[in-house]
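Here is the structure we will look at, set down as C-alpha cells.
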Amino acid sequence: MLAALHRLPTWLRFALYASVGVLVLAIAESFESGGVGRLTADTASRAMLKWCIPILLAGLGGLFSERASIVNIGLEGMMILGTWFGAWAALEFSPWMGLVFGVLGGALGGLIHAVATVSFGVDHVISGVAINIMAPGVTTFLSSEVFGNRTQSPDVPGLGEVDVPVLAGGTFFGAETPDILGSIADQGVFFVSDLASFARGLVSGIAIFSLIALALVPLSGWFLWKTRAGLQLRSAGEYPLAGESLGVNVIRRMYLGVVVSGALAGLGGAFIAMELTGFYQNGQTGGRGFIGLAALIFGNWRPLGILAAAFLFGYPFGVSLRDLDGQSTHALLLVVSFCLAVVSLWAATARRLVDAVMALVFAVVMFAWYVQTDVAPDWLPNAMPYVIVLLVLVFAAQRLRAPAFDGQIYRRGAT
Amino acid sequence: MVLAIELIDITKRFPGVLANDRVNLRVELGEIHAIVGENGAGKSTLMKILYGMQPPDEGKMLVNGTEVDFKSPTEAIEAGIGMVHQHVMLADNLTVLENVILGSEPTKSFGRIDFESAAQHLREVSHAYGLDIEPNDLVETLEVGERQRVEIIKVLFRGAKILILDEPTAVLVPQEVEQLHHNLRELKAQGSTILVINHKLPEVLDIADTITVLRQGRTVGEVKASDVTAGDLAELMVGSELPSPETTESTVTDDVALSLRGVTVLNEEDRPVVDDVDLVIHRGEIVGIAGVEGNGQGELIGAIMGTEHVETGTLELMGQDITKWSVRQRREAGVGLVPQDRHEEGLLLTAPLWENAALGHQTQRPYAKGWWIDRAASRAHTQTIRKRFGVKTPNVDVAAHALSGGNQQKLIIGREMTADPKILVLAHPTRGIDVGAQASVWQKIRDARADGLATMLISADLEELIGLSDTILVMLRGKLVAKLDPANVTPRQLGSYMTGAAIETDGNGSADGGAE
C-alpha cells in the first residue's frame, strides 16, 4: 500500500496526507464538549498559513546554510534584524522596500556569520549564539534612535491580501465569483464540510507576502538541485575537498549559502513585523528562528519537507490564536496522543520494541492529560514544535540525513 | 622530443621540513611514469605542486614544452592535467554524475545544469576507456574500486591528457589492482601520459615504463622498469634493504585468551554484518583477519570491544563470559585496541600526550587514583611509553597533532601494550606511517607475541598480514570463509579469497587454489 502511495505525484500524496490530518482533527474535535469546529475552521487554516511563513523562511534559511556545511543557529538573530529593517523601510519608503530591507538586514547578519565561520574558522554555534545576542542589542539601539521608542515602532503597512476567485469568492478582474468552498463548508456535513472549510482558509485572505515566501520553496529546490551554483554549494556541504580539488571556489559557495540563509531569515523577520503583528516590537520573533531549525531537521534538509514541517508547527499557533478558552488546543492533545499510538503501532510492526513501548507510554500520558483536563495551557502551541522534533529524532533518526560535512570547520588545502 | 612534463630543480619548504630539494622529473609523452619513495620522501608534495594545489618555492615547471605557473588546480586542469587523489575526493550523498561534473558543469540558460548532455558525455568517456559506471547511482552505494573508477572518469571527463595517480592501489585488493592496471594500459594506448605514485615495488614494475626514485626530498635516480629489480629499487629508495615483517618460530600456546562462538552482529536493517563467527585466539598467537574493507571487520572489532550489540553468540576472555560486559569492564579486564583511524578513534588531537596515553585506561592505575586522575603518575608513565616505544617528542605535554603519524601510532601502541592486555586488537597498525616506524611497530608486535600476548591483526597490507600472523582467517560479507596458513599463501591467493573468487571455485578453503 505504501508503494502505491509513493507512485502518486508528490502534490497528490501531500494532499492525501493533509486530508487524513483533517479527518483526524474533525474526529478529535467532535469529542470536545460544545465543539465549535475551530480545529478545522477556515480561520484556523488561514492563521496556520500565516504563522507558518516565518518558520518556513527560517527553515529554508537553515537549508541554504547547512547544505553548504555551516550550521546557522544565528537564524533567530538574523530574523530579528529582518524585523527591524523591514519595519523601518516599510514605514520610511513602502511595504515593498520593507521586504527588500528585511532581506538586506538578514543578509548582513548572514555575512557576519560567514566571515566568522568560513574565513576565520570560528565554531559555528559560538558565532551563531553571538549573533543572537548581538541582534536584539542592535535593533533596540536603532529603535530608540530612529523610532524614539526602545521597544516598539509605529504601525507598519503590509503588502495586502487576496482571495482566490471561484474557490473562495475572490474577485476576478473586478467581477464577483462564487465561493464554492465556503458554501460546502456551510452545509455542516461531517468531514466534507470540515475539509472544505479547511481548504477555504488556505485560498482566502492570503497575504501576498505569503505567496512570495511559498514560491521560494520550489525555487530553493530548483536552485540547489538543478543549477551549477547549487550543486557546488551542496558539494561544499558534503565534502568540500572534492570541489576544492576540481577548482571550485568552495569558500565563495559557503559565503553564498550563509548570506542567502541570512537573507531568508531576514525576509521571515520582515514578514513578522509587516504581516503578523503590523509593527516592530522587541523580541517579537519569539524563537521562530530556532523552530525553523527544528523544521529543517524534521524536513530532512529538503525544501518540501521543511514546508510540511512549517505547516505542522504553524498549525497549533494558528489554532491557539482564536482559542481564547483553550478548548481546541485541548483537543490537540488527543490528536497528539493518537499520532503517538500510530507511531507505537508502526514501531511494533517493525519489531523496534523499545521505540514502540516509549511511544505507547507517551501516548498514554498525553491521553491521561487530555482526559484529566478541560482546557490546555497557553504555552502548549509554543512547545509543540520542539516536542515533535524530539519525537522525530527519537523515532526516525536513522532516516534523517544531514549534509556529511555539516558543522565542521573547513580549511583550504587541509588535505 | 618534447616532454609531457619537465620539472627542473623544484624546491618546497614547510616549517622545519624541506619537502622537495631541487627535484628533477622528466616524463615523456605517452608513457607510464612511476614515482617511488618512502612515506615522507616528497612524492605527494611534488604532485600537489604539479597540480597547482601548492606553489613551489623555487624551480621551473614545463608542460608540453611550455613553462607554466599554476595558481590553482583549475589552471592545471586547463593545461590538460588531472589528478586522482590518494583519498577519493567524492561526496557520498551526491550521484556519480554530480561528482564527475562538479566544477565543470555544462550549463543551459540561468545557470541550469545540462544533465542530459553531461550524462551523455560521461557515458562516452566511460565507454571509450572501458570504465563502466552508472551515472545516476549514489556514490555511497559504490565499492572502493568503483569509486576509484569514478575518480579516473572525473579526470578524463575534463579532457585531461596527463593523469596523476597518487597511491591508487593503497585500498585495492590484487584483483582490483589488475583491473586498474588494465585500465591504465588502455589509457596509455589511447595516447594519455600517466604519472603514478606508488611504493609497492612489484606493482610499479608491472605497470611503469620509467621510474623516478625520490629519497628525503631529492631525486636519486631515473631508471627504465625493464632494467631493474624490486631489490634494486628498494635500495635506491631507502639506501638499504627493506625491512620485512617476518616473525620467527611459533610461540603459540594452548591457553585460550579469547574465544568467540557463533557471534552475530546485525546492522540497522537487521542484516548480519558479522555472521556466526567462531574464532579462537591463544596466548602468544597472532590471528590475522584478511578481507576487503567493509566486510564486517569493523563490526567484529566492535563486538569484541563491546561497542556493537551482539545479537547471538558468546565471547569469552580467559574463560570468562564477557558477552554482556560493558566497554569499560572489558577494557579493565584487559582488552586492548589499536583502532584503524588514529585521528578519529585513537587520539584527541588537541589534548596533550599524557592525556592521550590515559585514554581507555582512565579508570586504572597509574593514570587514576580512585576518582581522580593522577597527573604526576600519568606523565611519568607516558615518559616510560615514550622511551620504550621510541616516541619522538620534546615532552609529554605537547598536543598529539604535533607528532608525525608514525610517532602518534607508536604512542597508541605503547598505551595499549603497557596496560598489560590479555588480548590486543590491532587494526591496520602501520597504515600511513613510514618505513622506519613500521619496522619498529612490527618489532613491538613480535616482542609482545613472544611474551605471550594474544593478538588479533586486521590489515589491508597483505605482506604484513602474511608476515606477522600465525593463522590467517578470511572475512567475506561478515563470515569467516577460509582459514589459511601464512607459511604457504601468497598475497595474490589471499586476494582471491578476499574477493570470494577462490571460495567460489574451490569451496574447501585450502590455500592452494586462487582463481587465476
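The values are calculated or read from the model by the stated rules, or taken from the named source; none is laboratory data. Note that the coordinates shown come from a computational prediction; the quantities given were computed from them, not determined experimentally. For neighbour counting, all protein chains shown are included, and Cβ atoms are generated from backbone atoms with ideal geometry for every residue, glycine included.
Couple of notes before you dig in:
- Residues of region B:322-357 satisfying the condition of being assigned to a helix (DSSP H, G or I), over 20 Å from the mean Cα position of the chain (by Cα) and farther than 20 Å from B:ALA380 by Cα: B:VAL327, B:ARG328, B:GLN329, B:ARG330, B:ARG331, B:GLU332, B:ALA333
- If you go through region B:55-113 and pick out every residue that is under 17 Å from B:THR193 (Cα atoms) and in contact with an Asp or Glu (Cβ under 6 Å, 6 or more places away or on another chain), you end up with 3.
- Filter result for B:GLY288 (assigned to a strand (DSSP E or B), closer than 27 Å to B:GLY145 by Cβ and either under 22 Å from the mean Cα position of the chain (by Cα) or in the same structural domain as B:GLY360 (by TED's automatic domain parsing) (or both)): yes
- Here B:THR350 meets each of (1) within 29 Å of A:LEU353 (Cβ to Cβ); (2) within 14 Å of chain A (Cβ to nearest Cβ) with one exception, condition (1).
- Failed item in (1) without any contact (Cβ under 8 Å) to a residue 60 or more places away in the chain; (2) in contact with a helix residue (DSSP H, G or I) (Cβ under 8 Å, 6 or more places away or on another chain), with B:ILE194 passing the rest: (1)
- With respect to (1) among the small types (Gly, Ala, Ser); (2) within 14 Å of another protein chain (Cβ to nearest Cβ); (3) over 21 Å from A:LEU233 (Cβ atoms); (4) part of a loop (DSSP other than H, G, I, E, B), the lone exception for B:ALA170 is condition (2).
- Total residues in region B:71-107 satisfying the condition of being more than 7 Å from chain A (Cβ to nearest Cβ), out of contact with any strand residue (DSSP E or B) (no Cβ under 9 Å at 6 or more places or on another chain), β-branched (Val, Ile, Thr) and surrounded by fewer than 24 Cβ atoms within 10 Å (Cβ to Cβ): the figure is 1.
- Looking at B:THR219, B:THR169, just one residue is assigned by TED's automatic domain parsing to the domain that holds B:ALA79, within 22 Å of B:PRO491 (Cα to Cα), out of contact with any His (no Cβ under 8 Å at 6 or more places or on another chain) and hydroxyl-bearing (Ser, Thr, Tyr), and that residue is B:THR169.
- Evaluated against (1) modelled with pLDDT under 90; (2) closer than 27 Å to A:ARG401 by Cα; (3) within 13 Å of chain A (Cβ to nearest Cβ), B:VAL155 falls short on exactly one condition, (2).
- Every condition in (1) surrounded by 24 or more Cβ atoms within 10 Å (Cβ to Cβ); (2) more than 18 Å from A:GLY237 (Cβ to Cβ); (3) over 15 Å from the mean Cα position of the chain (by Cα); (4) not charged (D, E, K, R) is met by A:ILE272 except one, and the failing one is (3).
- Residues being at the interface with chain B (Cβ under 8 Å from one of its Cβ atoms), part of a helix (DSSP H, G or I) and not acidic (Asp, Glu) - total across region A:231-248: 8
- A:SER210 part of a helix (DSSP H, G or I) and modelled with pLDDT under 85: no
- Conditions (1) in contact with a His (Cβ under 8 Å, 6 or more places away or on another chain); (2) within 14 Å of chain B (Cβ to nearest Cβ); (3) hydrophobic (A, V, I, L, M, F, W, C); number of the one not met by A:VAL375: (2)
- Note on region B:359-394: among residues that are touching a residue at least 40 places away in the same chain (Cβ under 8 Å) and within 29 Å of B:ALA439 (Cβ to Cβ), the one that is surrounded by the most Cβ atoms within 10 Å (Cβ to Cβ) is B:GLY360.
- Enumeration of residues in region B:161-206 that are closer than 17 Å to B:MET237 by Cβ and hydrophobic (A, V, I, L, M, F, W, C): B:ALA170, B:VAL196, B:ILE197, B:LEU201, B:VAL204, B:LEU205
- Scope region B:299-333; condition out of contact with any helix residue (DSSP H, G or I) (no Cβ under 9 Å at 6 or more places or on another chain), in contact (Cβ under 8 Å) with a residue 60 or more places away in the chain and within 24 Å of B:ILE472 (Cα to Cα); matching residues: B:GLU299, B:LEU300, B:ILE301, B:GLU316, B:GLY319
- Only one entry in A:ALA168, A:ALA199 is more than 14 Å from chain B (Cβ to nearest Cβ), part of a loop (DSSP other than H, G, I, E, B) and buried (at least 16 other Cβ atoms within 10 Å of the Cβ), namely A:ALA168.
- Every pair of residues 6+ apart whose Cβ atoms lie under 7 Å, when the first sits in region B:154-178 and is at positive phi while the second is at pLDDT 85 or above: B:GLY159/B:GLY80; B:GLU167/B:ILE197
- Tally of residues being in contact (Cβ under 8 Å) with a residue 12 or more places away in the chain, within 14 Å of chain A (Cβ to nearest Cβ) and of a type outside the set (Gly, Ala, Ser) across region B:44-70: 9
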